[in-house]
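Novice: Quick one: the structure is below, and I'll ask about it shortly.
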Amino acid sequence: MILLGYVSAGYRYGIRYGYFPNFEKLDFKFPLSVSCIHFICSAIGAYVVIKVLKLKPLIAVDPQDRWKRIFPMSFVFCINIVLGNVSLRYIPVSFMQTIKSFTPATTVVLQWLVWRKYFDWRIWASLIPIVGGILLTSITELSFNMFGFCAALFGCLATSTKTILAEALLHGYKFD
């Protein structure tokens, strides 16, 4: 039942912003305050799920590993959220989400650059329509703002970095 509620909310959100784009240009004046509220609500939600409802077990992490493994990922995640909220101050939600769809391409490129991981030509070829579509959308965006675009793009890079860090730093931990 809860899942049905989430699916319904996502559907309503998609319809609202997909079919009524004039409602999506928000007067988003305080992106850092929204980010702080996001982090506080996430912490409260995690506390309720782990300690009160006991739906998920508390995973014990060595204090030294918190700084070496968990902190870098948490920091990059926070940067991602802040940059996403800052970008919403300057560009519409739909354009920010379009830029965020660039994440698979940036993840592949970063893994290739940082880890020298080789990918099959089919993976590279599958990224061409993604990159091309985002370039076309960016060029034709009526409410294009370079600062908002850069904030969303760097947020996308932060998401890719978090994915790569998770693979590198969290091997050996059983997270779901």
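The values are calculated or read from the model by the stated rules, or taken from the named source; none is laboratory data. These numbers were taken from a predicted model, which means no experiment stands behind them. So basically every Cβ, Gly included, is an ideal-geometry build from the backbone, and we count neighbours across all protein chains shown. Accessible surface is based on the protein model in full, side chains and every heavy atom, while ligands, DNA and RNA are left aside. Shrake-Rupley method; radii C 1.70, N 1.55, O 1.52, S 1.80 Å.
Novice: Ignoring ligands, DNA and RNA, how do PHE154, PHE119 rank by accessible area with a 1.4 Å probe, largest first?
Specialist: PHE154, PHE119
Novice: Another question about this same structure. Would you kindly derive the ³J(HN,Hα) couplings of the stretch 106-114 from the backbone phi angles with the Karplus curve 6.51 cos²θ - 1.76 cosθ + 1.60 (θ = phi - 60°), listing them in order in whole Hz, with x for Gly and Pro?
Specialist: 5, 5, 5, 5, 5, 5, 5, 6, 7
Novice: Additional query: Can you tell me the relative contact order of the stretch 103-176? Whole percent, Cα pairs under 8 Å, sequence separation 6 or more.
Specialist: Relative contact order here is 53 percent.
Novice: Mean shadow of the stretch 58-136, computed from the convex hull of its alpha carbons, in nm²? Provide the component values of the computation, followed by the final result.
Specialist: On the way: hull surface 31.2 nm².
Over all viewing directions, the stretch 58-136 projects a mean Cα-hull area of 7.8 nm².
Novice: Separate question: With a 1.4 Å probe and all protein chains in place, put TYR118, TYR90, TYR47 in order of accessible area, largest first.
Specialist: TYR118, TYR47, TYR90
Novice: Another question, if that's okay. Within the stretch 53-81, name every residue whose backbone N is under 13 Å away from a label modeled 7 Å from Cα of TYR47 along the Cβ vector.
Specialist: Those under the cut-off are 53.
Novice: Taking 0.36 nm per residue of sequence separation and subtracting the Cα-Cα distance, how much length would be gained by fully extending the chain between VAL114 and LEU136, in nm to one decimal?
Specialist: 5.1 nm
Novice: Counting only the heavy atoms of the protein chains, how much of THR98 is accessible to a 1.4 Å probe, in Å² to the nearest 10?
Specialist: About 40 Å², ignoring ligands and nucleic acids.
Novice: Just reorder PHE30, PHE75 by solvent-accessible area, largest first, 1.4 Å probe, all chains present. Display every interim value, and only then the final one.
Specialist: Numbers: PHE30 140, PHE75 115 Å².
So, going from the largest accessible area down, we get PHE30, PHE75.
Novice: Related question: Any number yet on Rg/Rh for the stretch 103-176, C-alpha, Kirkwood? Please report the intermediate quantities before stating the final value.
Specialist: Values: Rg = 14.8 Å, Rh = 14.1 Å.
Radius of gyration relative to Kirkwood radius: 1.05.
Novice: Given R₀ = 22 Å, FRET efficiency for LEU169-CYS78 by Cβ-Cβ distance, to 0.05?
Specialist: 0.90
Novice: In a shell of Cβ-Cβ distance under 14 Å around MET73, excluding MET73 itself, what net charge do Lys and Arg (+1) and Asp and Glu (-1) give?
Specialist: Once all neighbours under 14 Å are counted, the net charge is +2.
Novice: Same structure, new question: Please report Rg over Rh for the stretch 44-176, where both radii come from the alpha carbon positions and Rh follows the Kirkwood definition. Could you put the intermediate results ahead of the total?
Specialist: Details: Rg = 17.6 Å, Rh = 16.8 Å.
Ratio value, two decimals: 1.05.
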